[in-house]
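A short worksheet on the structure shown next.
FYI, it's all coordinate maths here, none of it is from the lab. What you are looking at is a predicted structure, and each value in this text was computed from that prediction instead of being measured. Positions of Cβ are backbone-derived with ideal geometry, glycine not excepted, and every protein chain shown enters the neighbour counts.
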Amino acid sequence: MWLLAALARMQPAAESQAEDVSCLRRIASGDQAAAGGLYDRHSRALYSLILRIVGDETEAEDVLQEVFAQAFRQASRYDASRGAVAAWLLMMARSRAIDRLRARRTRIEGGTGEVTLDEMPDAQPNVAAVMLTDEQTRKVRRALGELPLLQRMAIELAYYEGLSHSEIAERLEQPLGTVKTRIRLGLLKLRDTLTEGPA
Amino acid sequence: MSTHDELKANAAGYVLGGLDVQERLAFESHLTQCVECTAEVASLRPIVGALATAVPQVTPRAELRDRVIRSLDSVAAGLQTGPGPDVQTRRDSASMRMSAPAWLALAAAIAIAIGAAAYAMRIQRQMGELQARFDQVQATGAVLAAPDLARIDLQGQPIAPDARARALWSRSRGLVFTAANLPPAPAGKAYQVWVVTAQMPISAGLLTTDTTGGGTRYYYTPPDIAAPVAVAVTLEPAGGVPAPTGERYLLGMP
């Protein structure tokens, strides 16, 4: 029974990936209409991530539009061996949204900060795109909620705010070494929830 | 030289994209030689994917679909009619043929532009300072207008019986803290504000006081913290500490 249930969950992901790849191929060959399918399958997840990062609906809409424009331009460069289309789109969404946040921060700091936009750490240091199943995501979400608060805050500031270790240390008024340890312990704990049996 | 453990501590930050440039380059070069760290990075990557989808799911407005799809028209047009190689070559050869007076004019224009840019940067910096102040005011206003606003009055403790403070806290918008009559913090010390939950005290941040012993500041608080059971101010080493160690100056309970 559980096998059937597991298959039922997995099938849509595989089907969706096949459809996504065919959409990207059609887009790359100049068929704009194919973008509709991509939008219908992914706009919700992308918009949710972007909104979580930029925290403003109007800006989130702008960023979502940018992400689709980028996907459209780079459709021919998508490499299926590096991960699912969904993960590729999510990666772009995070990068774009973080860029937006940083631009906003730079504007606020008015160039007095020592770090310029170019020197900021990469939003995504060539991270291979890995997609988890819905079940695994639920587990991670639950586990994230159960992390000690400071571990969780450090991870969230790094991932959703795009802050560097030292910026997090400053923001949380904590020593740099402590911040690094918290982030590492937190991620290891999240990882372990994935290797545990069904919760 | 960094030890291996120091480098390994960066694996998680690397996966999250949270390293400074130098740290990242050092870690990347380390990765090419270290199987252990490479394995740790690989094992943490799926978690990053999960963080992307672990956010609350929100459906975008239905009208957005049309807007996004329509915007792709101009992207497609740009791809097809963007400046081709011919145009580029012609532009290049034109600039190569530029005469001496033209170069001089260009140099003058550049000098003026640099001067203007420096001026613009100064203005921008001033604007930045104003903006930062404005953001504090705006955040404070947002808290005061929050529908879920809670008020906690704090009483001076035996060491500072005249001190008073008020915390205005909104789960969704943060904390505005305002204190009066605090004795001046001695050199090397600073006041630190704590939001105390049933599990533990969480540092809201440091509070600077003016000559009258008063201070007001907005603090961000994570929206999902447990409901505060108290708000407190302690005197701590300058720079603050992760958990309260010093004497309590103010304490209040909801």
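For the reader, a short list of remarks on this structure follows.
- Our note on the geometry: Cα centres of segment B:163-240 and segment B:1-27, 33 Å apart.
- Whole-Å semi-axes of segment B:4-53's equivalent ellipsoid (Cα gyration tensor): 18, 13, 8
- The fewest-to-most ranking of B:Ile225, A:Ile50, A:Ile168 by surrounding Cβ atoms within 10 Å reads B:Ile225, A:Ile168, A:Ile50.
- Proxy reagent accessibility, fewest Cβ within 10 Å first, across B:Ile202, B:Ile123, A:Ile98: B:Ile123, B:Ile202, A:Ile98
- Using the Cβ-Cβ distance between B:Ala150 and A:Asp40 with R0 set to 45 Å, the FRET efficiency works out to roughly 0.60.
- For segment A:132-199, the dipole from Cβ point charges (+1 on Lys and Arg, -1 on Asp and Glu) about the Cα centre works out to 160 debye, to the nearest 20.
- Computed from point charges on the beta carbon alone (+1 for Lys and Arg, -1 for Asp and Glu), the dipole magnitude for chain B about its Cα centre is near 780 Debye.
- Taking the charge dipole of chain B about its Cα centre, with +1 at Lys and Arg Cβ atoms and -1 at Asp and Glu Cβ atoms, the residue from B:Leu207, B:Val196, B:Gly240 reaching farthest to the positive side is B:Leu207.
- Cα pair count fraction exceeding 16 Å, expressed as % - segment A:132-199: 45 percent
- Rg and Dmax of chain B, Cα atoms only, in Å: 27.8, 83
- With R₀ fixed at 60 Å, the C-beta to C-beta distance from B:Asn181 to B:Asp5 puts the FRET efficiency at about 0.80.
- Amide H partners (placed H, <5 Å) of B:Leu154, local residues excluded: B:Ala165, B:Arg166, B:Ala167
- Once the Cβ-Cβ distance of A:Val21 and B:Leu130 is raised to the sixth power relative to R0 = 35 Å, the FRET efficiency obtained is 0.10.
- Measuring gaps between exposed loop sites in chain B (trypsin sites (Lys or Arg not before Pro); DSSP loop; at most 12 other Cβ atoms within 10 Å), the longest gap, sites not included, is B:98-254.
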